[in-house]
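See structure below.
The values are calculated or read from the model by the stated rules, or taken from the named source; none is laboratory data. Only a predicted model underlies this, so the values are computations on that prediction, with no experimental measurement involved. Quick reminder, even Gly has a Cβ in these numbers, built from the backbone with ideal geometry, and neighbours come from all protein chains shown. The accessibility values were calculated without ligands, DNA or RNA, using every heavy atom of the protein model including side chains. Shrake-Rupley method; radii C 1.70, N 1.55, O 1.52, S 1.80 Å.
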Amino acid sequence: MLREAGRSVQEDARRDFFTANYDRLAGWVRRQVDDDETAHDIAAEAFTRLLSRWSDSYDPHAYLYKVAVNLLRDHWRRAVRERRALALATADQRDDADGRPSHGGDLRAMLAPLPEHQRIALLLHYLAGFSVREVSAIIGRPEGTVKSDLYQARARIRAELDGSDD
């Protein structure tokens, strides 16, 4: 009975903290990203992470904003990668001086000759922004193998761009 009362008090404290701080956090994030949906996604994720570690947090307000800042950084990094990928994908193809068609940013043409395991590792790591460890967990291959796949994929693309047949 006493344990249930303690749990209820803690749940009430969490609910009150959420109610008092969600709109303020979402508004602050909204000013950073200029997008309501992204702001609410980041605010909700920050609260989810806070609430999963509530007992570990000495200052929940500071922890909440620390998590939100880190999520914003991830969002901005991902946006930069997406813009770069879109720039590559939409760049027009040109012919090189030797008459060979240049891939000049045609991402699909550069990735098409790669074996599937290398292509997936490359896309997850460089375009989706996952770490080598996360890519390893996603595709179920050891980290060393993922690193090797990334190295070989980069070497193949570099050789294709340089015009060598290595």
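Of the residues making up region 52-70, those that are within 17 Å of ASN21 (Cα to Cα) and within 16 Å of the chain's Cα centre (by Cα) are VAL67, ALA68, VAL69. Among the residues of this structure, LEU71 counts as one that is modelled with pLDDT of 85 or more, among the aliphatic types (A, V, I, L, M), farther than 29 Å from SER148 by Cβ and surrounded by 17 or more Cβ atoms within 10 Å (Cβ to Cβ).
Between ARG77, ARG49, the distinction of being over 30 Å from ASP16 (Cα atoms), modelled with pLDDT of 85 or more and part of a helix (DSSP H, G or I) belongs to ARG77 only. Please specify each residue of region 108-166 satisfying the condition of being outside any helix (DSSP H, G or I) and closer than 26 Å to ASP74 by Cβ. The answer is ALA128, GLY129, PHE130, SER131, GLY140, ARG141, PRO142.
Which count do you get for residues in region 144-161 that are open to solvent by less than 70 Å² (accessible area, probe 1.4 Å) and more than 20 Å from ALA112 (Cβ to Cβ)?
The qualifying residues number 4.
Here is a yes/no grid of residues against (1) touching a Phe, Trp or Tyr at 6+ places or on another chain (Cβ under 8 Å); (2) open to solvent by 70 Å² or more (accessible area, probe 1.4 Å); (3) β-branched (Val, Ile, Thr):
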position: ASP34; (1), (2), (3): no, yes, no
position: ALA43; (1), (2), (3): yes, no, no
position: PRO60; (1), (2), (3): yes, no, no
position: TYR63; (1), (2), (3): no, no, no
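Remark: pairs (first residue in region 52-71, more than 14 Å from ARG24 (Cα to Cα); second residue among the polar types (S, T, N, Q) and open to solvent by less than 70 Å² (accessible area, probe 1.4 Å); Cβ separation under 7 Å; 6+ apart in sequence or on different chains) = TYR63/SER57.
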